[in-house]
Amino acid sequence: MSTEQDVLRSEFDLEFTYTRTYGPVMSQFFTALKNQQVMGIKTSEGKVVCPPVEYDPKTAEDLTDLVELPSEGTITSWSWVNEPMAKHPLQKPFAWALIKIDGADTAMLHAVDAPKDQVKTGAKVKIRWNDERVGWINDIACFELA
């Protein structure tokens with residue numbers, strides 16, 4: 001049986017030193033967020049996916065029909081965070097929730113800033129925008145009760 005002294009160790013940081021472009025669909029989605037707009041995309045069946053995807057989930061065809069959506073939605077599922085970590089969007093207790101934006105057929109994951117006893121499946125929420133927006137998902141600071 002090996003002992004702690006027998007174990008070889010080496011410091012190593014795993015890094016991804018490349019950048020990735022958003023692509024044509026997500027670029028439009030993130031640009032819209034910067035402008036306080038939410039975009040979804042229509043599938044071949046006419047369903048609206050938000051956040052949008054580049055390819056139809058059923059047919060794998062390119063999708064290009066972006067549609068503007070409101071900044072309100074409904075909580076479809078949620079989980080409570082009592083002790084947020086430094087990397088979380090809120091530094092007080094909050095909920096992670098799947099939120100179906102009005103007019104969309106899918107839900108997106110984001111933080112909800114509301115008292116635990118008021119966070120419920122079916123609750124209406126609206127976007128709280130960050131004051132400074134740069135074109136990424138954190139342009140949405142969080143959702144709050146509508």
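Being assigned to a helix (DSSP H, G or I) and among the hydrophobic types (A, V, I, L, M, F, W, C), is that true of even one residue in segment 1-19? Please lay out each step first, then the result.
Just the residues of segment 1-19 that are assigned to a helix (DSSP H, G or I), to begin with: 4-6.
Okay, now just the ones that are also among the hydrophobic types (A, V, I, L, M, F, W, C), so none.
Checking segment 1-19: not a single residue is assigned to a helix (DSSP H, G or I) and among the hydrophobic types (A, V, I, L, M, F, W, C).
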Spot the failing condition for Ser10; the list is (1) open to solvent by 90 Å² or more (accessible area, probe 1.4 Å); (2) of a type in the set (Gly, Ala, Ser); (3) under 22 Å from Arg133 (Cβ atoms), and only one is missed. (3)
(1) touching a residue at least 40 places away in the same chain (Cβ under 8 Å); (2) out of contact with any Ser or Thr (no Cβ under 9 Å at 6 or more places or on another chain); (3) among the aliphatic types (A, V, I, L, M): which one isn't true of Val25, the others all being true? (2)
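The values are calculated or read from the model by the stated rules, or taken from the named source; none is laboratory data. All values reported here derive from a predicted model rather than from experimental measurement. With ideal geometry, Cβ positions are generated from the backbone for all residues, glycine too; neighbour counts draw on all protein chains shown. Surface areas here come from the heavy atoms of the whole protein model, side chains and all, with no ligands, DNA or RNA. Shrake-Rupley method; radii C 1.70, N 1.55, O 1.52, S 1.80 Å.
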